[in-house]
Amino acid sequence: MLEARSERGICRVACFSPRHDLTIPRMSPAENREVIRMWTEEFQRLAKMDWVRHVQIFENRGALMGASNPHPHCQIWANASVPDLPAKELTSFREYHAAKNSCLLCDYLRLELERRERVICENDGFAVLTPFWAVWPFETLLVSKRHFASMQEFTSGEADLLADILRRITIRYDNLFQTSFPYSMGFHQRPTDGGDYPEWHFHGHYFPPLLRSATVQKFMVGYELLDNPQRDITAETAAQRLKELPEIHYLDRV
C-alpha cells in the first residue's frame with residue numbers, strides 16, 4: 001500500500017519557430033511540417049534507447065495551462081515505464097481487439113464519420129471530432145484514418161496531412177473566442193519497448209479549459225471532483241460551434 005520508486009526519464013523542450021509571436025495556427029503549412037519532422041525524429045531517436053518504454057509529445061499553450069514562456073514550444077518526455085493514461089488506453093484497445101477482432105478507434109471513427117454529429121474537420125489522413133465522452137467543453141480527439149501506431153509509420157503524405165489538420169483545428173480554437181486559445185494537447189503513440197502493438201491506433205487529445213468566453217474557465221469542482229464530470233455543453237453542440245467557424249485566423253482577416 002505504501003510503495004514508491006524513482007522513474008528514469010528524459011525531458012526535452014523544442015521550439016516551433018524563431019519568432020515569439022507565432023503559434024501553430026499562425027504558422028505556414030511548411031513551417032508546421034518542419035515541426036512534425038522534428039517530432040518524428042525525436043520520437044525515433046528516443047524510442048531507440050533500450051530503457052525507454054514510452055515517448056510523450058505534448059504542448060501546453062498559454063499561461064493558463066502553465067506555460068511560463070510565451071515562445072511557441074512543446075515538450076517531449078521519455079519514460080522508463082508506460083504512464084497511467086496510455087496504459088489504460090492500451091488495456092481498452094487490447095480488450096476490444098480480443099472481443100471484436102478489430103481496432104477500437106478504427107470502429108469508433110467509422111461510426112463518427114457515418115453519423116457526422118461530432119466531426120469538426122477532416123482531410124484524407126486525419127479527422128478531428130468532439131468525442132462522445134468529452135469532459136472539457138471544447139475537448140477534441142484527433143484520429144488517423146489509416147490504422148498505424150506511431151509517427152514512425154507515416155506514409156510520404158501523412159506528415160503534410162497532419163500539419164494541415166493541426167492548423168485547421170487550432171485556427172478554429174482561436175476564432176471561437178478571438179483569443180490565443182489555451183490548451184494542453186498531446187499524441188498517444190505505441191509503447192517503445194520493442195513489443196508488437198497491433199491494437200494501438202495513432203491519435204491525439206486536445207484539452208482546452210475555456211467555457212463561455214476568453215475569460216470564463218471551466219473548473220472541476222464539487223460533484224465533478226468527488227463523483228463524475230458534468231457536461232456544461234454537449235459534445236454535439238461543441239462540435240457544431242467549432243465546425244461553423246472559418247478556417248482563416250481572426251488576426252489574418254482583412
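The values are calculated or read from the model by the stated rules, or taken from the named source; none is laboratory data. Predicted, not measured: the structure shown is a model, and the values here were computed from it. Cβ atoms come from the backbone with ideal geometry, glycine included; neighbour counts cover every protein chain shown. Remember, those area values only see protein heavy atoms, side chains included, never the ligands or the DNA or RNA. Shrake-Rupley method; radii C 1.70, N 1.55, O 1.52, S 1.80 Å.
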Of the numbered conditions (1) farther than 28 Å from Ala214 by Cβ; (2) open to solvent by less than 40 Å² (accessible area, probe 1.4 Å); (3) aliphatic (A, V, I, L, M); (4) not in a helix (DSSP H, G or I), Ala87 fails exactly one; give the number of that condition. (4)
What are the residues in the range 27-45 that are in contact (Cβ under 8 Å) with a residue 40 or more places away in the chain and in contact with a Lys or Arg (Cβ under 8 Å, 6 or more places away or on another chain), if any? Met27, Pro29, Asn32
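Kindly indicate which of Glu59, Glu42, Glu112 is in contact with a strand residue (DSSP E or B) (Cβ under 6 Å, 6 or more places away or on another chain), more than 21 Å from Ala127 (Cα to Cα) and of a type in the set (Asp, Glu).
Values: Glu59 fails: more than 21 Å from Ala127 (Cα to Cα); Glu112 fails: more than 21 Å from Ala127 (Cα to Cα).
Result: Glu42 is the single residue among Glu59, Glu42, Glu112 that is in contact with a strand residue (DSSP E or B) (Cβ under 6 Å, 6 or more places away or on another chain), more than 21 Å from Ala127 (Cα to Cα) and of a type in the set (Asp, Glu).
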Taking Leu85, is it touching a strand residue (DSSP E or B) at 6+ places or on another chain (Cβ under 7 Å) and of a type in the set (A, V, I, L, M, F, W, C)? no
Quick one: count up the residues across the range 114-145 that are of a type outside the set (Phe, Trp, Tyr), in contact with a Ser or Thr (Cβ under 7 Å, 6 or more places away or on another chain) and within 19 Å of Phe187 (Cβ to Cβ). 7
Among the residues that make up the range 148-155, is at least one of them open to solvent by 50 Å² or more (accessible area, probe 1.4 Å), over 24 Å from Arg212 (Cβ atoms) and β-branched (Val, Ile, Thr)? yes
Considering only the range 41-74, state which residues are open to solvent by less than 20 Å² (accessible area, probe 1.4 Å), under 15 Å from the mean Cα position of the chain (by Cα) and within 18 Å of Leu166 (Cα to Cα). Ile57, Glu59, Arg61, Cys74
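Only one of Glu112, Glu158, Glu122, Glu139 is acidic (Asp, Glu), surrounded by 18 or more Cβ atoms within 10 Å (Cβ to Cβ) and in contact with a His (Cβ under 8 Å, 6 or more places away or on another chain); which? Steps first, answer last, please.
On the way: Glu112 fails: in contact with a His (Cβ under 8 Å, 6 or more places away or on another chain); Glu158 fails: in contact with a His (Cβ under 8 Å, 6 or more places away or on another chain); Glu122 fails: in contact with a His (Cβ under 8 Å, 6 or more places away or on another chain).
Every option except Glu139 fails the conditions.
Here is a yes/no grid of residues against (1) under 30 Å from Asp107 (Cβ atoms); (2) buried (at least 17 other Cβ atoms within 10 Å of the Cβ); (3) aliphatic (A, V, I, L, M):
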position: Gly186; (1), (2), (3): yes, yes, no
position: Ala214; (1), (2), (3): no, no, yes
position: Phe219; (1), (2), (3): no, no, no
position: Asp227; (1), (2), (3): yes, no, no
position: Pro246; (1), (2), (3): no, no, no
position: Leu251; (1), (2), (3): no, no, yes
Just to be sure I understand the filter: pairs with C-beta atoms under 7 Å, separated by 6 or more residues or on different chains, first member in the range 139-163 and within 15 Å of Glu199 (Cβ to Cβ), second member assigned to a helix (DSSP H, G or I) and modelled with pLDDT of 95 or more. Which pairs pass? Val143/Leu105; Val143/Leu109; His147/Cys106; Ser150/Phe43
Residue by residue through the range 153-184, note down the ones that are under 19 Å from Pro70 (Cβ atoms) and of a type in the set (S, T, N, Q). Thr170, Gln178, Thr179, Ser180, Ser184
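Within the range 229-240, track down each residue that is assigned to a helix (DSSP H, G or I) and open to solvent by 60 Å² or more (accessible area, probe 1.4 Å). Talk me through it step by step, then tell me what you get.
First, pick out the residues of the range 229-240 that are assigned to a helix (DSSP H, G or I): 235-240.
Once the filter is applied, which keeps residues that are assigned to a helix (DSSP H, G or I) and open to solvent by 60 Å² or more (accessible area, probe 1.4 Å), the range 229-240 yields Glu236, Thr237, Gln240.
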If I filter the range 1-40 down to residues being outside any loop (DSSP other than H, G, I, E, B) and of a type in the set (Asp, Glu), which single residue comes out as surrounded by the fewest Cβ atoms within 10 Å (Cβ to Cβ)? Glu34
